[in-house]
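*Asks:* Following this message is one structure expressed as structure tokens.
The values are calculated or read from the model by the stated rules, or taken from the named source; none is laboratory data. Quick caveat, the model's predicted, so the values are computed rather than measured. Neighbour counts are summed over all protein chains in view; Cβ atoms, including those assigned to glycine, are modelled from backbone coordinates with ideal geometry. Just the protein is used for accessible areas: all its heavy atoms, side chains included, with ligands, DNA and RNA removed. Shrake-Rupley method; radii C 1.70, N 1.55, O 1.52, S 1.80 Å.
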Amino acid sequence: MLDKYNFKESEPKWQEFWQKERVYAFDPNSTKPIFSIDNPPPTVSGHIHIGHIFSYSQSEFIARYKRMTGFNVFYPFGFDDNGLPTERLVEKMRDVRAHSLPREEFRDICLDVAKQFEEDYKRVFIMAGNSADFELKYNTVSDKVQKISQKSFLDLYKKGDVYYGDKPAIWCPECRTSIAQAELESKELESSFNYINFECEELSKALEIATTRPEMLCACVCVFVHPDDERFKDFVGKEVIVPLYNFKVPVLADETVEKDKGTGAVMCCTFGDETDLMWQQKHNLPIKLAIDDGGRMTAIAGKYEGMKIKVARAEIIKDLQESGKLNKSEQITHAVSTHERCGTPMELLIKKQWFVDLLSHKEDFLKMGEKVKWYPDYMKNRYIDWVSNVDRDWCISRQRYFGVPIPVWYCRHCGEVIVANEEQLPVNPLVDKPPVSTCPKCGHCEFEPETDVFDTWHTSSVTPQINCGWGTERYNKMMPMSLRTNAHEIIRTWDFYTIVKSFYHSNCLPWENVMISGFVMADKDNKISKSKNNAKFSPESLLNEKSADVTRYWSATGSLGKDIIFSEGEFKNGAKLVNKIWNASKFVLSFLTDYEVVEPKLLPIDKWVIAKFNQMQKNFKNYMDKYEIGLAMAELERYFWNFCDNYIEIAKRRLYNPQIFGQDATDSAKYACFMVLKEMLKMFAIYLPHICEEIYKDYFEKYEKEISIHKTQMQTINIDADDNIIKQGDDVVEIVSNIRKYKSENNLSLKYEIENLEIKGYPEYVKEYDGDIKAVGCVHNIIYTSNEEKEVVIK
RNA sequence: GGGAGUUUAGCUCAGUUGGUAGAGCACCUGCCUUACAAGCAGAUGGUCAUAGGUUCGAGUCCUAUAAUUCCCACCA
């Protein structure tokens, strides 16, 4: 029989059991309806933090709930191990730079590191009781996934939704690669606003401009003023001299110039920022590139060539000052778009890149966002907001190493693009040959392989295609998937790009529902982050010290979509709950040895506890169906404490003393205890899978005939009772509570015996509960009187 | 500047369609009660951010304001 519960022994034992018995495996032959979850593949970028445990637990609760309510749950687990995040991890860990190693060598190191981390990730997720089916595991760098990623590209290419373009792309000089709009993060940075004179010979006066990027002077192609700006009217159409470089540029008018900003005159350099880009296109200006792909000044910068941007800027400011062209320099902080991975300000560089067309189909993407059900629903606004603001196509080529190769060659002679055949996939153009021996356009036979790889999102945006087996029969059966789960910061990337891909590939939603989780905060104002080093616990220490069940409990205390503050108090509550479940089960089951399940004639209070259970379960399911895992648990927890404090207290008198209360009364209590505890444990098993399994295996397995509680189905308990039973039982609890109150207020022990009790004003039916009231209140005689205000009087 | 979330007890948060303000923690008072003292029974504690409005009735609906967090825009 149940002795002491020791989670340190119990949790690893059951984790091993579940894996060995494949308790969470998807059954491809089942006739049950499928519930499929597009589970986020964690990025292999370092160690897991408690935010992972938090958000993966939240979505995992849903998998367990669906499994126990009649669904064949498809819950795969993936690892996003290709791409920049993994490269950065490797560079840091092994102290190497990707571009200074042979490509294959670097790739091998990456594979090695990724493998090591994946093992570690998997171990920790299993430690946390995660119920994903690890046999449905995928790695984004695997051949199988590369094939799908490349197929996705071919499909887009065939349909004309991807194009190869020679246009300015967002560039990270630190990572030496192009990046996408979605990977930018606005950051407040210190800078200086420099007021510089551009002399105009014709007018014999100077035009003063203001700039934060004086190092771009060499790339200046013109100066803009507002057409209505009286101050500069005579400059328009004239030429001015760029200081230090002494070449002339025209002064042009454009109504997008803000008169109040700086001096009202602005130099346009190609490309200092997005506005320059817009002007260049609008006015068809020449292009002068001052910055190279490593973030150093190019030859046009003259004596500053080879300097890093920041160094060149400081030097130029000094030189401008010395030459008397700098009127003033103000210290400012301004918002700068930086690469979210490394914090480096972005540059705009012209390089041939592959782009996925986003701008032509924004309306469709918005419509699809409307069709998806978002939980919580306001998260839809983030999606809509982002899609509405997208103003660039999606650049998917990366000048990096550890990623899915772009399956393309170029004709050395005419530049014609040769894409791979689908049969060839996965393909690496650096190693493999193109599908044609001569260029279909010019007939030449030499080809240049593409060296770029895909943006990681290009691959992770096809997780539904990966999960559902794109191209197989299963794909059509399973698409759209039931549920996507992720935290709110990747709505604009993962969710958006996945919708884009599903639109282009299959013109359908990738999934019907999206469940969005929040972040874990260290306190009210600070996110838990590695850089701040403010996580009190690592996931492992938490799981080891507090137990997986308690950590999961904590994950369920937040409400959906909201950030949660790490609070040790919630861990304490979780530990109390686990302890209480153990004690209550141990106690109840001690009366149920060799229990034979026969529905007896139930006493009213036993009907009450069952009816209350059914009512609670209905509420629980309502919340779960809305993905409100926290509110659902609160409902269950509240019922459980009421079950212990009120029901068990009443029932135990009968359980102990069949000789006093009669065998029928004892059997009635036994039945209610058995059924309610069994069904309650199933529900708790969603949150606290280990302790519930422990109790189940020890006792309930022989009744349920499933090898694990996690394979059982949640049930309502049939009883023959009218709706009034709940009201009646609640009245009885109220009476008992009054008796307890009397004893407490008079500093009496609860077992103090009351000779006479008068119950006034309660309906007739309370008399049916007479025996239980007497027993739990230690009352000898009860007098019932009606026609008065409700009152319980101790005499 | 645009959008969204939040604001309820000292703390952390519930409060579904409007109908007498809830839980846990903390604090306080009792109680060794044939499961559990990591327990049990009680008590205290709130102008539901502010100001208007709709309504017989508003924490809940509407309008405005404030504080705070997040997303987007702002990069000359």
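*Asks:* When you scan region A:463-495, how many residues do you find that are of a type outside the set (Val, Ile, Thr) and more than 21 Å from A:Asn139 (Cα to Cα)?
*Replies:* 8
*Asks:* Working only within region A:316-350, note down all residues that are more than 45 Å from the chain's Cα centre (by Cα), part of a strand (DSSP E or B) and surrounded by 14 or more Cβ atoms within 10 Å (Cβ to Cβ).
*Replies:* A:Leu326, A:Asn327
*Asks:* Go over the candidates A:Ile759, A:Ile782 one by one and state the one that is part of a strand (DSSP E or B) and crowded, with 21+ Cβ neighbours inside 10 Å.
*Replies:* Matching residue, one of A:Ile759, A:Ile782: A:Ile759.
*Asks:* Where residues in region A:208-248 are among the basic types (Lys, Arg) and over 23 Å from A:Lys328 (Cβ atoms), which of them is least open to solvent (accessible area, probe 1.4 Å)?
*Replies:* The residue in question is A:Lys238.
*Asks:* Oh, and also: Taking A:Lys612, is it closer than 18 Å to A:Tyr671 by Cα, in a helix (DSSP H, G or I) and among the basic types (Lys, Arg)?
*Replies:* So A:Lys612 fits the description; yes.
*Asks:* Let me ask something else about it. Give me a count of the residues in region A:351-372 that are of a type outside the set (Asp, Glu) and either free of Cβ contacts under 8 Å to residues at least 40 places away in the same chain or open to solvent by 10 Å² or more (accessible area, probe 1.4 Å) (or both).
*Replies:* Result for region A:351-372: 10.
*Asks:* Is region A:287-306 home to any residue that is open to solvent by 30 Å² or more (accessible area, probe 1.4 Å), of a type in the set (D, E, K, R) and part of a helix (DSSP H, G or I)?
*Replies:* So far as region A:287-306 goes, yes, one or more of its residues are open to solvent by 30 Å² or more (accessible area, probe 1.4 Å), of a type in the set (D, E, K, R) and part of a helix (DSSP H, G or I).
*Asks:* Testing A:Gly630 on (1) near RNA strand B (Cβ under 9 Å from one of its atoms); (2) out of contact with any Ser or Thr (no Cβ under 9 Å at 6 or more places or on another chain), one condition comes back false. Which one is that?
*Replies:* Unmet for A:Gly630, out of (1) near RNA strand B (Cβ under 9 Å from one of its atoms); (2) out of contact with any Ser or Thr (no Cβ under 9 Å at 6 or more places or on another chain): (2).
One line per residue, one yes/no per condition, for (1) among the hydrophobic types (A, V, I, L, M, F, W, C); (2) buried (at least 20 other Cβ atoms within 10 Å of the Cβ); (3) more than 40 Å from the chain's Cα centre (by Cα); (4) at pLDDT 95 or above:
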position: A:Phe591; (1), (2), (3), (4): yes, no, yes, yes
position: A:Tyr595; (1), (2), (3), (4): no, no, yes, yes
position: A:Leu631; (1), (2), (3), (4): yes, no, no, no
position: A:Tyr639; (1), (2), (3), (4): no, yes, no, no
position: A:Ser668; (1), (2), (3), (4): no, yes, yes, yes
position: A:Cys673; (1), (2), (3), (4): yes, yes, no, yes
position: A:Leu681; (1), (2), (3), (4): yes, yes, no, yes
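*Asks:* Scan region A:598-626 for residues that are under 18 Å from A:Ala685 (Cβ atoms), open to solvent by less than 10 Å² (accessible area, probe 1.4 Å) and either free of Cβ contacts under 8 Å to residues at least 12 places away in the same chain or not aliphatic (A, V, I, L, M) (or both) and report the count.
*Replies:* Count: 3.
*Asks:* Under the condition of being of a type in the set (Phe, Trp, Tyr) and within 16 Å of RNA strand B (Cβ to nearest atom), which residue from region A:373-418 is most open to solvent (accessible area, probe 1.4 Å)?
*Replies:* Among them, the one singled out is A:Tyr378.
*Asks:* Hey, does region A:402-423 have a residue that's at pLDDT 95 or above, assigned to a helix (DSSP H, G or I) and of a type outside the set (Gly, Ala, Ser)?
*Replies:* Looking through region A:402-423, at least one residue is at pLDDT 95 or above, assigned to a helix (DSSP H, G or I) and of a type outside the set (Gly, Ala, Ser).
*Asks:* Mind counting the residues in region A:194-252 that are of a type in the set (Phe, Trp, Tyr), away from RNA strand B (no atom under 16 Å from the Cβ) and either part of a strand (DSSP E or B) or more than 53 Å from the chain's Cα centre (by Cα) (or both)?
*Replies:* 0
*Asks:* Within region A:735-756, count every residue that is open to solvent by less than 80 Å² (accessible area, probe 1.4 Å) and among the charged types (D, E, K, R).
*Replies:* So the count comes out to 2.
*Asks:* Go over the candidates A:Val417, A:Val436, A:Val453, A:Val427 one by one and state the one that is in contact (Cβ under 8 Å) with a residue 12 or more places away in the chain, under 25 Å from A:Arg103 (Cβ atoms) and in contact with a helix residue (DSSP H, G or I) (Cβ under 7 Å, 6 or more places away or on another chain).
*Replies:* A:Val427
*Asks:* Related question: If you scan region A:647-667, which residues turn out to be polar (S, T, N, Q) and not in a helix (DSSP H, G or I)?
*Replies:* Result: A:Asn657, single match.
*Asks:* Specify which of the listed residues (A:Lys20, A:Lys13, A:Lys32) is surrounded by fewer than 17 Cβ atoms within 10 Å (Cβ to Cβ) and within 25 Å of A:Ala556 (Cβ to Cβ).
*Replies:* One residue alone meets the criteria, A:Lys13.
*Asks:* Being more than 16 Å from RNA strand B (Cβ to nearest atom), buried (at least 19 other Cβ atoms within 10 Å of the Cβ) and more than 30 Å from A:Glu370 (Cβ to Cβ), is that true of even one residue in region A:469-480?
*Replies:* No - not one qualifying residue is present in region A:469-480.
*Asks:* Which of (1) over 45 Å from the mean Cα position of the chain (by Cα); (2) away from RNA strand B (no atom under 16 Å from the Cβ) is the odd one out, the single condition A:Leu750 does not satisfy?
*Replies:* Evaluating A:Leu750 over (1) over 45 Å from the mean Cα position of the chain (by Cα); (2) away from RNA strand B (no atom under 16 Å from the Cβ) leaves (2) as the failure.
*Asks:* Return the residues of region A:575-598 that are out of contact with any Lys or Arg (no Cβ under 7 Å at 6 or more places or on another chain) and more than 10 Å from RNA strand B (Cβ to nearest atom); say none if nothing qualifies.
*Replies:* A:Leu589, A:Thr593, A:Asp594, A:Glu596, A:Val597, A:Val598
*Asks:* State whether the residues of region A:690-698 include one that is within 20 Å of A:Phe7 (Cα to Cα), assigned to a helix (DSSP H, G or I), in contact (Cβ under 8 Å) with a residue 12 or more places away in the chain and within 14 Å of RNA strand B (Cβ to nearest atom).
*Replies:* Taking every residue of region A:690-698 in turn, at least one turns out to be within 20 Å of A:Phe7 (Cα to Cα), assigned to a helix (DSSP H, G or I), in contact (Cβ under 8 Å) with a residue 12 or more places away in the chain and within 14 Å of RNA strand B (Cβ to nearest atom).
*Asks:* Could you tell me how many of the residues in region A:481-497 are open to solvent by 20 Å² or more (accessible area, probe 1.4 Å) and of a type in the set (A, V, I, L, M, F, W, C)?
*Replies:* Residues in region A:481-497 being open to solvent by 20 Å² or more (accessible area, probe 1.4 Å) and of a type in the set (A, V, I, L, M, F, W, C): 1 in total.
*Asks:* Oh, and also: Answer yes or no as to whether A:Asp645 is open to solvent by 40 Å² or more (accessible area, probe 1.4 Å), more than 10 Å from RNA strand B (Cβ to nearest atom), free of Cβ contacts under 8 Å to residues at least 24 places away in the same chain and among the charged types (D, E, K, R).
*Replies:* In short, no.
*Asks:* So, one more: Can you confirm whether region A:398-412 contains a residue that is over 24 Å from the mean Cα position of the chain (by Cα) and without any contact (Cβ under 8 Å) to a residue 40 or more places away in the chain?
*Replies:* So far as region A:398-412 goes, yes, one or more of its residues are over 24 Å from the mean Cα position of the chain (by Cα) and without any contact (Cβ under 8 Å) to a residue 40 or more places away in the chain.
*Asks:* I'd like to know if region A:740-747 contains one or more residues that are out of contact with any Asp or Glu (no Cβ under 7 Å at 6 or more places or on another chain), under 30 Å from A:Asp27 (Cα atoms) and in contact (Cβ under 8 Å) with a residue 12 or more places away in the chain.
*Replies:* Checked against the condition, which is being out of contact with any Asp or Glu (no Cβ under 7 Å at 6 or more places or on another chain), under 30 Å from A:Asp27 (Cα atoms) and in contact (Cβ under 8 Å) with a residue 12 or more places away in the chain, region A:740-747 yields no hits at all.
*Asks:* Residues of region A:138-191 being within 16 Å of RNA strand B (Cβ to nearest atom), hydrophobic (A, V, I, L, M, F, W, C) and closer than 14 Å to A:Arg398 by Cβ, which ones?
*Replies:* A:Ala169, A:Ile170, A:Trp171, A:Cys172, A:Ile179, A:Ala180, A:Ala182
*Asks:* Tell me, which residue of region A:365-401 that is in a helix (DSSP H, G or I) and in contact with a His (Cβ under 8 Å, 6 or more places away or on another chain) is farthest from A:Phe106 (Cα to Cα)?
*Replies:* By that ranking, first place goes to A:Met379.
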